[in-house]
Amino acid sequence: MSDHAEAPADGCDPEGFPIATAPQPDPVAAREEFLKIYPDKTRKKRAKQVLVNTDPAKPAEIGANTRTIPGIMTQRGCTYAGCRGVVIGPMHDVLHITHGPIGCSFYSWQTRRNLARPHPDQINFLQYSMTTDMMEDEVIFGGEKKLAAAIREAYRIFKPKAIAVYATCPVGLIGDDIHTVCRLAREELGINVFGFSCEGYKGVSQSAGHHIANNGVFKHMVGLNDTPDEGEFRINVFGEYNIGGDAWEIDSLLKKCGIHVTATLSGDISYEQVTRCHTADLNVVQCHRSINYMAEMMEVKYGIPWIKVNFIGASGSVKSLRKIARYFDSKKLTDRVEEVIAQELAALRPVQAEVKARCQGKTAALFVGGSRAHHYQDLFKDIGMITVAAGYEFAHRDDYEGRQVLPSIKIDADSRNIEQLEVEADPQRFRPRKTPEQDAALAAGGFTYRDYEGMVREMKKGALVIDDISHHELEKLIEIYKPDVIASGIKEKFIIEKMGIPCKQLHSYDYGGPYAAFTGAANFYREIDRMVNTKVWKLVTPPWKRDPQVPARLVYQPKASRSEAEEATKTWKAPAQKAEGLNAES
Ligand code: CFM
């Protein structure tokens with residue numbers, strides 16, 4: 001079986017990247033165009049975050065994981081979202097209570113499509129949204145009593161095994177001590193109750209929330225139950241959240257190979273599975289950004305090594321399965337993995353070939369989160385499409401440039417804000433999974449632990465790499481590049497589509513998916529085929545074809561003529577004398 005590393009296929013350049021059918025713009029000029037509108041200080045900062053991939057082998061330093069400049073329309077979310085929504089939220093029988101105003105809770109209520117299918121004897125709380133509904137009274141007089149009452153009430157009704165409490169912005173501002181409330185509740189109720197200081201403002205993005213969540217799960221859940229699962233080749237899948245059912249595809253693929261998943265953190269997972277995930281023999285990391293902290297801490301404390309995998313795309317899935325098999329070093333497993341790969345590829349290749357015939361040479365741009373903008377480039381490549389621009393919302397330099405840059409990342413005040421746990425080897429439970437001889441043999445065969453190349457090395461030379469893309473840059477990108485599809489999220493989706501470009505949501509999958517593993521890949525190919533080959537987008541006239549500059553209409557101006565409005569736009573002043581209804585200062 002090949003790793004897809006043979007001679008470049010038809011329609012590909014010597015590096016194996018698909019060649020765009022339409023002529024492509026000069027990326028250096030495009031970058032200048034994006035940046036020129038900004039005031040000097042902003043331009044200087046954005047210039048470090050908008051790069052042309054001039055040498056993929058030597059990625060340039062990117063200004064990632066820094067504060068978004070006020071006034072820039074960002075795609076980012078908050079620290080609370082990264083903690084409650086992303087890493088812990090999918091644990092289906094943990095009761096999640098948001099301590100804060102109602103909005104924080106409402107907007108984290110089942111918007112992420114992290115699906116669960118609990119066993120009949122397990123409970124699923126995911127459809128509930130629980131909050132203390134903090135009001136003015138609590139903001140002034142403190143909300144600890146209300147939180148204690150909420151925990152008691154929730155326990156009385158639902159009798160969960162564990163309750164997690166999440167702090168929102170006002171909680172940090174007024175200084176409610178959620179950790180003491182949780183400790184007292186733990187003593188009173190006799191169940192596991194723990195809190196997360198994940199106030200929205202705590203970091204520059206949701207990334208800080210991932211770290212806080214990893215720390216809390218590691219401290220309060222992992223290691224509470226030492227009973228291992230019975231299966232052979234036991235692994236944990238980390239950084240996989242079962243969006244649209246992805247974890248189920250990965251699970252069934254691994255099962256076919258005879259690999260047992262002890263826990264998927266955090267997709268369709270129970271509290272109990274988290275408490276004994278330290279008994280597995282390997283951690284495989286899908287989304288490095290959100291869970292690398294946990295993988296590192298578990299290796300230090302319990303001796304479980306970790307490897308990076310990617311089950312998005314055919315070639316990624318092939319490589320990941322082979323790497324797991326190599327780690328366990330069992331002929332039985334290796335043979336079985338090769339059989340499964342052959343079967344899966346035989347089923348997938350006809351779909352891939354059919355779709356590729358219609359998508360070859362088309363272009364994509366991806367601006368998503370902290371890992372998908374990288375992983376999904378493989379799926380597009382599978383069907384002959386080339387990624388001309390990509391970027392993360394909140395990733396760190398290592399996600400772009402590779403893990404070797406970790407020692408050179410400057411720790412700023414925003415990162416120092418997040419606790420770095422001091423972890424040591426567990427005196428009783430630390431157990432190296434391989435002998436030094438076994439590790440040496442693996443290394444001699446080219447096997448590497450903890451390696452993560454980052455996105456830039458795997459992108460085509462000349463592609464744009466844009467961190468925390470602004471609304472303005474996205475508009476300019478569409479105008480200049482006219483990609484055939486953009487992969488992004490709900491905040492941008494309809495703006496992109498109004499410009500005549502289809503947008504595939506890669507957070508929620510637009511109610512579609514799963515897209516992971518071979519079976520998921522077939523779904524993705526078909527979906528993208530449908531999106532880029534429909535003629536409907538040609539019927540949309542983008543704004544720049546109507547107006548040379550999209551006017552900033554600050555006021556409601558029913559009587560202003562078009563020429564007056566255009567005049568006003570040139571000077572960036574609203575025709576105040578015509579203002580009616582809305583306040584010109586708003
Ligand atoms: Fe990891 Fe994610 Fe992502 Fe992420 Fe996310 Fe997500 Fe994402 Mo939305 S954990 S970094 S914080 S892969 S919710 S499942 S899609 S931004 S690219």
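Summary table below
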read-out	value
Helix runs (DSSP H) in the chain reaching 27 Å along axis by Cα, Kyte-Doolittle at least -1.0	331-359
When the convex hull of its Cα atoms is projected in every direction, mean area for the chain (nm²)	29.3 nm²
The range 325-404 - percent relative contact order, Cα under 8 Å, separation 6 or more	26 percent
Cβ-based net charge around Phe34, under 9 Å, with every Lys or Arg adding one and every Asp or Glu removing one	+1
Summed residue charge, Cβ within 12 Å of Pro56's Cβ, Lys/Arg positive, Asp/Glu negative	-1
Contact order normalised by residue count of the range 204-329, Cα under 8 Å, 6+ apart, percent	28 percent
The chain - percent relative contact order, Cα under 8 Å, separation 6 or more	18 percent
Positive minus negative residues near Leu189 (Lys, Arg vs Asp, Glu; Cβ under 13 Å)	+3
Ranked packing of 292-298, 404-410, 170-176, most packed first, by mean Cβ within 10 Å	292-298, 170-176, 404-410
Other-chain or far-sequence residues with amide H under 5 Å of Ala162's (modelled H)	Leu95
Peptide ranges 283-290, 500-507, 411-418, 124-131 listed from the most packed, as the mean C-beta count within 10 angstrom indicates	283-290, 500-507, 124-131, 411-418
Loop GluC sites (Glu not before Pro), the range 217-249 (other Cβ atoms within 10 Å of the site Cβ: 15 or fewer; DSSP)	Glu230, Glu232
Rounded, prolate or oblate (a/c below 1.5 giving rounded, otherwise prolate when a/b exceeds b/c) for the range 225-267 by Cα gyration tensor	oblate
Isolated Cys in the chain, by beta carbon distance under 4.7 Å	Cys12, Cys78, Cys104, Cys169, Cys182, Cys257, Cys277, Cys287, Cys359, Cys503
Overall Cα dimensions of the range 222-321 - principal axes, largest extent first, Å	36, 27, 22
For the range 82-231, Kirkwood radius (reciprocal of mean inverse C-alpha pair distance, Å)	15.7 Å
Exceeding the 27 Å Cα-Cα cut-off - candidates Lys161/Lys332; Lys504/Lys545; Lys331/Lys434; Lys308/Lys381; Lys319/Lys410; Lys202/Lys491	Lys161/Lys332; Lys319/Lys410
Tail fraction, Cα-Cα pairs, the range 452-499, threshold 11 Å, whole percent	75 percent
Phi-based couplings in Hz for the range 68-79 (Karplus 6.51, -1.76, 1.60; Gly and Pro marked x)	6, 6, x, x, 7, 7, 9, 8, 5, x, 10, 4
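Readers should treat all values here as calculations from the given coordinates under stated rules, not as data from a laboratory. Everything numeric in this text was worked out from a predicted model, so none of it was measured. Neighbour counts run over all protein chains shown; Cβ positions are idealised from the backbone, glycine included.
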